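Novice: Structure provided below as structure tokens; questions to follow.
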Amino acid sequence: MNAFRHHVLPVLTIVLGIVIAWYVGSVALNSAWQLGVYERADNTEWTITDLWTDTLNQNRPVLPSPHQVAVEFWNTGIAPLGDLPERGMRAISPRTLIYHAWVTLSATLLGFAIGTATGILLAVAIIHSKAMDKSVMPWVIASQTVPILAIAPMIIVVLASIGLKGLIPKALISTYLSFFPVVVGMVKGFRAPEAIQLDLMRTYNASSAQTFWKLRWPSAVPYLFTSMKVAVAISLVGAIVGELPTGAIAGLGARLLAGSYYGQTVQIWSALFMAAILAATLVGLIGVAERRVTKRMGVSA
Amino acid sequence: MAVEGENDDKKQEQAAPSQEKAAPSVVSAKNLSLTFETNDGPVQALSEVNLEIGKGEFVSFIGPSGCGKTTFLRVIADLETATGGEIKVNGTTPREARRNRSYGYVFQAPALYPWRTIAKNVALPLEVMGFSQSEKRERIRRTLELVNLTGFENKYPWQLSGGMQQRVSIARALSFDADLLLMDEPFGALDEIVRDHLNSQLLELWAKTNKTIAFVTHSIPEAVYLSTKIVVMSPRPGRVTDVITSTLPKERPLEVRESPEFLEIAHRVREGLKAGHSYEE
């Protein structure tokens, strides 16, 4: 009962508040068009109830109502999974949201993996070499000041010219974004040991590899998880941005672009929800991994 | 540096003139000085320090903060490098001594690695030095027993009190059996009661293991109670003002602190400290 009052109830209250505000916004933004429809049809008999139901169920609303998005999300994002046993992979056709979500997710995960590995390796190099620290760090920071929207099409074009298409270029755009928080976090993490802990290793005449694995790496683990949470979320953004210049073939980015071409706002919103849910799930999974690892490292609960 | 070998014999003769006549010198400093370059200009941390520490001695360094007692210990451990004079540890340079893993160092704070259990913390130097599994197990058992912590192997540092944590760090310094133990105010952060207890445990341990101990402290009773030799230091520049050889017997129950002999030595230490403090007036 207490858990309900302290955890479930506040969350439900906020969600309810958002849904209500959304409905109000939906009516407010869509009714102007609906009134125009009535006027053109010389319909003067409409009641307020008619206006409500009609504005909330337009084909191309300015702001789709929550239930429209929910229905679209269910039909294209969840329901096809139910057909899997019957129809096999044909159930996940390019007409479904789940298909595009999978395309984006695979690029996200690949880009995130490469980005995290690159970030860790760069951080190792930076803490072990003053020259690397001085020369690489400015470039790492400069890389993130370039808008990804500007650089993404160039990466796609350049890689396409050397024959790389599809998953890899998108993953590399994810990498471009996601290595950054990992470098910054891990440099900080590898430098986290106190002077006294480092002195201790020195009194044992430990090699720098021993100091790294027995001291620096375990000290950096909390930083690793924090930066991985940021990295996985922007990996997803990177993958979506990478899908925009590919001519809207596949992926959530393509789905968003197609939706905006054809005014399919319901489709856009359900794709946005899918992206948000994917990001939240990925961050949540890293959180679970973090709790497991820190528990094994004996951190007090 | 080239003269190291030649001087060895001579040094061993002059070593430890007081306590154990023939004991070879474990640490031998001659005109040792160290100047730190800081933003406010050079700071002389050690000036003209001459000192011999014989094998099996328990030497305390006492003095106000800034007198260079910790710095001297760090020079022995090759954590700092002297800028003048000469120092030998086990007849070699401090660097050589560190490479030979010839000392165990106990810091002011326990400096345990929080992600390691107590047993794993004690095993840390053993892992670094490549001891075998069975040897590791045996040494963990033995050193934890030595500091009365048997049964805590699988606890994490945060589950132990401050005094117990510091005992773990002593066990860790003992685990690889270096003959020289360097202790930098190991009990400074502990309350008086725990401190008394650990002091008598440390004496027992010293008697059992026959190690040479260099011990930094700022407590007069602690220095007098523990040591065979007390080095009184004073700051600005850090220098040795008095070296007192203890006349107390090796066997020292806590009550020895009320004996006239004890009070006499304590008095002399206090006088030495006062003399060094004159700069404050």
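Bear in mind these aren't lab numbers, they're just calculated from the coordinates by the rules spelled out. Bear in mind the structure is a predicted one, so any value in this text is a computation, not a measurement. Methodologically, a virtual Cβ is constructed for each residue, glycine included, from the backbone with ideal geometry; neighbour enumeration extends over all protein chains shown.
Novice: Pull up region A:261-301, narrow it to residues that are away from chain B (no Cβ under 14 Å) and of a type in the set (Ser, Thr, Tyr), then point me to the one that is surrounded by the fewest Cβ atoms within 10 Å (Cβ to Cβ).
Specialist: My answer is A:TYR261.
Novice: Hey, any hits in region A:222-229 for a residue that's without any contact (Cβ under 8 Å) to a residue 40 or more places away in the chain and in contact with a Lys or Arg (Cβ under 8 Å, 6 or more places away or on another chain)? Let's see the steps before the verdict.
Specialist: Restricting attention to region A:222-229, the residues satisfying the condition of being without any contact (Cβ under 8 Å) to a residue 40 or more places away in the chain are A:223.
Now narrow it down to the ones that are in contact with a Lys or Arg (Cβ under 8 Å, 6 or more places away or on another chain): A:223.
Yes, region A:222-229 contains a residue that is without any contact (Cβ under 8 Å) to a residue 40 or more places away in the chain and in contact with a Lys or Arg (Cβ under 8 Å, 6 or more places away or on another chain).
Novice: Please report, ordered by residue number, the strands (runs of 3 or more DSSP E) entirely within region B:191-280 with at least 2 residues that are in contact (Cβ under 8 Å) with a residue 24 or more places away in the chain and surrounded by fewer than 21 Cβ atoms within 10 Å (Cβ to Cβ).
Specialist: B:239-245
Novice: Can you find a residue that is buried (at least 21 other Cβ atoms within 10 Å of the Cβ), assigned to a loop (DSSP other than H, G, I, E, B) and within 13 Å of the chain's Cα centre (by Cα) anywhere in region B:172-183? First the steps, then the outcome.
Specialist: In the first step, residues of region B:172-183 are kept if they are buried (at least 21 other Cβ atoms within 10 Å of the Cβ); the result is B:172-175, B:178, B:180-183.
Imposing the further condition that a residue be assigned to a loop (DSSP other than H, G, I, E, B) reduces the set to B:175, B:178.
After this cut, where a residue has to be within 13 Å of the chain's Cα centre (by Cα) as well, the list is B:178.
Yes, region B:172-183 contains at least one residue that is buried (at least 21 other Cβ atoms within 10 Å of the Cβ), assigned to a loop (DSSP other than H, G, I, E, B) and within 13 Å of the chain's Cα centre (by Cα).
Novice: Moving on to the next point. Just need a number here: residues in region B:113-124 that are facing chain A (nearest Cβ under 9 Å) and within 21 Å of the chain's Cα centre (by Cα).
Specialist: Total satisfying the criteria: 1.
Novice: Confirm whether B:GLY130 is within 14 Å of chain A (Cβ to nearest Cβ), surrounded by fewer than 21 Cβ atoms within 10 Å (Cβ to Cβ) and without any contact (Cβ under 8 Å) to a residue 24 or more places away in the chain.
Specialist: Against the criterion (within 14 Å of chain A (Cβ to nearest Cβ), surrounded by fewer than 21 Cβ atoms within 10 Å (Cβ to Cβ) and without any contact (Cβ under 8 Å) to a residue 24 or more places away in the chain), B:GLY130 qualifies.
Novice: Continuing with this model, one more query. If you go through region A:186-210 one residue at a time, how many are without any contact (Cβ under 8 Å) to a residue 40 or more places away in the chain, more than 9 Å from every other protein chain (Cβ to nearest Cβ) and in a helix (DSSP H, G or I)?
Specialist: Residues meeting the conditions: 4.
Novice: Okay, moving on. I want to confirm something. Restricting to region B:32-66 and keeping residues that are in contact (Cβ under 8 Å) with a residue 12 or more places away in the chain, of a type outside the set (Gly, Ala, Ser) and not in a strand (DSSP E or B), which single residue is nearest to B:ARG101 (Cα to Cα)?
Specialist: Narrowing region B:32-66 to residues in contact (Cβ under 8 Å) with a residue 12 or more places away in the chain: B:32-35, B:44-66.
Subsequent filtering for residues that are of a type outside the set (Gly, Ala, Ser) retains B:32, B:34-35, B:44, B:46, B:48-53, B:55, B:57-59, B:61-62, B:64.
After this cut, where a residue has to be not in a strand (DSSP E or B) as well, the list is B:55, B:57, B:64.
On the way: B:LYS55: 17, B:GLU57: 19, B:PRO64: 30 Å.
Among them, the one singled out is B:LYS55.
Novice: Residues being of a type outside the set (Asp, Glu) and surrounded by fewer than 18 Cβ atoms within 10 Å (Cβ to Cβ): count how many of those fall in region B:137-162. If you could, list the steps in order and put the result at the bottom.
Specialist: Applying the first criterion (of a type outside the set (Asp, Glu)) to region B:137-162 yields B:137, B:139-144, B:146-152, B:154-162.
Subset that is surrounded by fewer than 18 Cβ atoms within 10 Å (Cβ to Cβ): B:137, B:141-142, B:148, B:150-151, B:154-155, B:158-159, B:161-162.
Summing the residues that are of a type outside the set (Asp, Glu) and surrounded by fewer than 18 Cβ atoms within 10 Å (Cβ to Cβ) in region B:137-162 gives 12.
Novice: Return the residues of region A:78-107 that are aliphatic (A, V, I, L, M) and out of contact with any Leu (no Cβ under 7 Å at 6 or more places or on another chain); say none if nothing qualifies. Even if it seems obvious, please write down each step before you answer.
Specialist: Residues of region A:78-107 aliphatic (A, V, I, L, M): A:78-79, A:81, A:84, A:89, A:91-92, A:97-98, A:101, A:103, A:105, A:107.
Of everything in region A:78-107, those that are aliphatic (A, V, I, L, M) and out of contact with any Leu (no Cβ under 7 Å at 6 or more places or on another chain) turn out to be A:ILE78, A:ALA79, A:LEU81, A:LEU84, A:MET89, A:ILE92, A:LEU97, A:VAL103.
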